[in-house]
Amino acid sequence: GVVLDLDDPADWARFVALCDHADVLVENTADPRLDADRVRTRHPHLVHATIADFGRTGPHAPWRLDPLPAFAASGALWASGFADRPPCWLPGFQAHDCASVVAAVGALAAVTSRTRDGRGQWIDVSVQEAALASLAPWSIPLADYARVFPLMPHAYPRDADGPAVVLPVADGFVRILAVTPRQLRAFVALVTGREPEPP
């Protein structure tokens, strides 16, 4: 590993030299020196994956999302919990984690493609779109379709009315989405430290 300060000219030169020999660059800096066209010109072999909350292009490219609004922007938050209560938030960086996985898969696909033509590619990953595709592929489209096709059912139940278990805790509620017996056993083992008794 190496730690570089890209504002230091010597470190920037070292970074550029490292990219000369790298296969993949994954970044979320929005540094103008790492503009896709500039990177492609200097490193035509490089697979360059960028991760930004709304992607690097388009009207919302400058917007930034913290974890909760990023999860909400995916459409997944509306289905979390009971219909008569506020949605249940989950801790962590779920939407950003989805974007990381999408960037990794895209980069691997681009490296595979490069074995045929020798050219690198730019993979522009939007956190909002990656989370939408991974977490709730039906929530936002349903709302859009309902405007065009008003007879289409679009008021599906929130997940606490279905496969999720929502339990009261000291400061609100927690949602457990373990929908298969294997997932539930693994969850019980994680929480209790022992495997549950078979039914």
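The values are calculated or read from the model by the stated rules, or taken from the named source; none is laboratory data. From a predicted model like this one, the values you see are computed outputs, not experimental measurements. With ideal geometry, Cβ positions are generated from the backbone for all residues, glycine too; neighbour counts draw on all protein chains shown. Just so you know, the surface numbers come from the protein's heavy atoms only, side chains and all, with ligands and any DNA or RNA stripped out. Shrake-Rupley method; radii C 1.70, N 1.55, O 1.52, S 1.80 Å.
Numbers for the structure displayed
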item: Qualifying residue in region 4-21 (condition: under 20 Å from Ser134 (Cα atoms) and in a helix (DSSP H, G or I)); result: no
item: Residue within region 10-22 that is of a type in the set (Asp, Glu) and within 27 Å of Arg119 (Cβ to Cβ) present; result: yes
item: Spans of helices (runs of 4 or more DSSP H) in region 119-193 with at least 3 residues at pLDDT 75 or above and buried (at least 18 other Cβ atoms within 10 Å of the Cβ); result: 127-135
item: Extreme residue, surrounded by the most Cβ atoms within 10 Å (Cβ to Cβ), among residues of region 52-70 that are under 30 Å from Asp20 (Cβ atoms) and in contact with a helix residue (DSSP H, G or I) (Cβ under 8 Å, 6 or more places away or on another chain); result: Ala52
item: Qualifying residue in region 101-114 (condition: open to solvent by 30 Å² or more (accessible area, probe 1.4 Å), of a type in the set (Val, Ile, Thr), out of contact with any Cys (no Cβ under 8 Å at 6 or more places or on another chain) and within 27 Å of Asp11 (Cα to Cα)); result: yes
item: Test: Arg14 is at pLDDT 95 or above and either open to solvent by 30 Å² or more (accessible area, probe 1.4 Å) or at positive phi (or both); result: yes
item: Which numbered condition Gly55 fails, given (1) modelled with pLDDT of 95 or more; (2) in contact with an Asp or Glu (Cβ under 6 Å, 6 or more places away or on another chain); result: (1)
item: Residue that is touching a residue at least 60 places away in the same chain (Cβ under 8 Å) and either in contact with a His (Cβ under 9 Å, 6 or more places away or on another chain) or open to solvent by less than 80 Å² (accessible area, probe 1.4 Å) (or both), where the choices are Ala49, Ala73, Ala30, Ala22; result: Ala49
item: Positions within region 52-70 being in contact with a His (Cβ under 7 Å, 6 or more places away or on another chain) and part of a loop (DSSP other than H, G, I, E, B), in sequence order; result: Phe54
